[in-house]
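Presented below is the structure to which this report refers.
The values are calculated or read from the model by the stated rules, or taken from the named source; none is laboratory data. Everything numeric here is computed off the predicted structure, so don't read it as measured data. As a convention, Cβ positions derive from the backbone with ideal geometry for all residues, glycine included, and neighbour counts pool all protein chains shown. When the accessible area is computed, the model is the full protein with side chains, heavy atoms only, and any ligands, DNA or RNA have been set aside. Shrake-Rupley method; radii C 1.70, N 1.55, O 1.52, S 1.80 Å.
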Amino acid sequence: LEEQRPLHIVTPLLESWKLSMAAGTTVFLKLENVQPTGSFKIRGIGRLCQEVAKKGCKHFVCPSGGNAGVAAAYAARNLGIPTTVVLPKGANSTLLQRLEREGAEVLMVGKVWDEANLKAQEMAKTDGWVNIPSFDHPMIWEGNGSIVHELKDTLGTRPGVIILSVGGGGLLAGVVAGMKQVGWQDVPIIAMETRGADSFNQAVQAGRLVTLPDITSMAKSLGAKTVAARALECTRECQIISEVVDDEEAVEAIERFLDDERMLVEPACGAALAAIYSGCLGRLQAEGRLSPSLGFIVVIVCGGNSIHRAELKELQARLGRS
Ligand SMILES: COC[C@H](NCc1c(COP(=O)(O)O)cnc(C)c1O)C(=O)O
């Protein structure tokens, strides 16, 4: 079997002079927001869907806060396999239109991702149907790890730190897998979450998995009440600094990024950018938890489809921002 063409693209690594000024050192942005499905998800989900299709799967079912669902629907269309995406109620119309354009059947079940996940697992009991998880699967981590291989190919030398955001921990687990494959396991990672979706931070503090009672952050794409066990395990293999920002800081980061780089991203992505914009990086350096001279920094701009002008205005209004 010839090696299947991956469904994701090699994304640009953009040097951002505005973010470099804010960080006090060179910042490179890994632009996963320009992936064909609008976020990094296609790397892991696409890889899993290709593997599962080889084993004769007849129908994908994907529980998703949104972006994983778009990735599964895109992969399914490319593989010619029907797919059902199960979303929590309240998904925005752009997302629904996108899923329909990809040919997916869409079900709205429950209030948060975890309820949609239960429904998807039940549907996957149908013979020939396979549940495509959003973040908790080794093939997803393997696929997400392709980000680090591209960073190594482009940069050659290791960054001083990699900044990313955490929902269920699939991106984090993937980056750790990739770092180990390229020999960068000693590069520190800053794992960002928003308050009210900080299931990873709570798990790190407790030293065991913690299930949040609810998702109260506006960054719904980070809305997994419990992170993958693998994500917590990663903290024992790499230096992972877990940080939490408020929704306000995530939205301010969206606004500043829009001005600085003329790209509009979800609050889930604003959380990662807030590591720099909200001064969190500088504080970690001042506290001695990160080197004062980091060389250069990589921020994974994870992207996300659930954002446009109207959505941004609504986020600003809810936060009382002009
Ligand atoms: C509830 O949702 C989980 C997942 N979103 C995950 C996600 C993340 C976090 O990635 P993770 O840590 O889940 O692998 C970051 N940035 C963006 C834009 C995302 O969509 C989904 O779409 O189903």
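Using a 1.4 angstrom probe on heavy atoms only, work out the carbon and sulfur share of the accessible area of the stretch 143-275 in %.
Roughly 46 percent, rounded to a whole number.
Distance between the C-alpha centers of the stretch 247-267 and the stretch 70-148? Whole Å please.
Going from one Cα centre to the other spans 26 Å.
For the stretch 1-68, give the percent of accessible area contributed by carbon and sulfur heavy atoms, probe 1.4 Å, rounded to a whole number.
Carbon and sulfur: 56 percent of the exposed surface of the stretch 1-68.
Out of the stretch 77-185, which trypsin sites (Lys or Arg not before Pro) are coil in DSSP terms and have no more than 13 other C-beta atoms within 10 Å?
Passing sites in the stretch 77-185 are LYS89, LYS111, LYS125.
How high is the FRET efficiency from GLU287 to ASP153, r the C-beta distance, R0 41 Å, rounded to 0.05?
According to the calculation, E is roughly 0.80.
Could you give the angle, 0 to 90 degrees to the nearest 10, between helix 267-277's Cα long axis and the longest principal axis of the Cα atoms of the chain?
Roughly 10 degrees, rounded to the nearest 10.
Enter the angle in degrees (range 0 to 90, nearest 10) between the Cα long axis of helix 41-54 and the first principal axis of the Cα atoms of the chain, meaning the one along which they spread out most.
The answer is roughly 30 degrees.
Can you tell me the dipole magnitude for the stretch 47-200 around its Cα centre, using point charges on the Cβ only (Lys, Arg +1; Asp, Glu -1), in Debye to the nearest 20? Could you put the intermediate results ahead of the total?
Working: 15 positive and 15 negative charges, 44 e Å.
So the dipole magnitude of the stretch 47-200 works out to roughly 220 debye.
Leaving out ligands, DNA and RNA, and with a 1.4 Å probe, what % of the accessible surface on the stretch 76-137 is carbon or sulfur? Kindly include the intermediate steps, with their values, before the conclusion.
Values: 1660 of 3140 Å².
Taking all protein chains in place, the stretch 76-137 shows 53 percent carbon and sulfur surface.
Report, in degrees rounded to the nearest 10, the 0 to 90 angle that the Cα long axis of helix 146-155 makes with the longest principal axis of the chain.
40
How large is the accessible surface per residue of the stretch 97-239, computed with a 1.4 Å probe and reported in Å² as a whole number?
41
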